[in-house]
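The values are calculated or read from the model by the stated rules, or taken from the named source; none is laboratory data. Quick caveat: nothing in here was measured; it's all calculated off a predicted structure. Don't worry about glycine lacking a Cβ; one is built from the backbone with ideal geometry, like all the others, and counts go over all protein chains shown. We work out accessible area using only protein heavy atoms, side chains counted, and drop any ligands, DNA or RNA first. Shrake-Rupley method; radii C 1.70, N 1.55, O 1.52, S 1.80 Å.
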Amino acid sequence: MRAGDVLRHHWPTFTIAVTAAVIACAALVMLRNLPPHRIVMATGPEGDAYHEIGKRYRAALAKADVDVQLVPTAGSVENLALLHDPRA
């Protein structure tokens, strides 16, 4: 059988296979782009206003099953240094 004959007689099979492959690829792309379930938030010193705001965020995001880890810092300068550090 020639390729044209195979496609003419089995086009539904090929259409279903290609559609399934496209859907599977789209699902993989979407799964990789899901938001994280764990967030690390640099705050100010414990007891500071920014640390208290971080606690509010942690409580609000806990309802959406997101774990927020608060990292107390010395302030804005240390927060900026953490943002620029790729290992942080």
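Translational diffusion coefficient of the chain (Stokes-Einstein, Kirkwood radius from Cα pairs, 4 °C, 1.567 mPa s): 75 µm²/s.
The HN-Hα couplings worked out from phi for segment 15-26 by the Karplus form 6.51 cos²θ - 1.76 cosθ + 1.60 (θ = phi - 60°) are 4, 5, 5, 5, 4, 5, 5, 5, 5, 5, 5, 5 Hz, whole numbers, x standing for Gly and Pro. When all alpha-carbon pairs of segment 1-44 are counted, what percent fall beyond 14 Å? It works out to 69 percent of all Cα pairs. For the chain, the solvent-accessible area with a 1.4 angstrom probe is 83 square angstrom per residue. Measuring nothing but how far apart in sequence close Cα pairs (under 8 Å, 6+ apart) lie, relative to its length, segment 30-88 scores a relative contact order of 39 percent.
Shown here for segment 22-83: GluC sites (Glu not before Pro) in loop regions (DSSP other than H, G, I, E, B) with at most 16 other Cβ atoms within 10 Å, namely GLU46. With the whole protein complex present, MET30 retains an accessible surface near 130 Å², based on a 1.4 Å probe. Solvent-accessible area assigned to carbon and sulfur over the chain amounts to 66 percent, based on a 1.4 Å probe.
Which FRET efficiency, nearest 0.05, do ALA49 and VAL29 yield, Cβ-Cβ r, R0 35 Å? Efficiency at R0 = 35 Å is approximately 0.30.
Residues whose amide H lies under 5 Å from that of VAL68, counting only those 5 or more places away or on a different chain, are ILE39; hydrogens are built 1.01 Å from N in the peptide plane. Potential lengthening of the chain between ARG2 and TYR57 amounts to 13.4 nm, from the contour at 0.36 nm per residue minus the alpha-carbon distance. Put a plus charge on the Cβ of each Lys and Arg, a minus charge on the Cβ of each Asp and Glu, and nothing anywhere else: the dipole of the chain about its Cα centre is then about 500 debye. Along the charge dipole of the chain, pointing to its positive end and built from +1/-1 on Cβ of Lys, Arg, Asp and Glu, which listed residue (LEU31, PHE14, ALA62) has its Cα farthest out? Going by the Cα projections, it comes out as PHE14.
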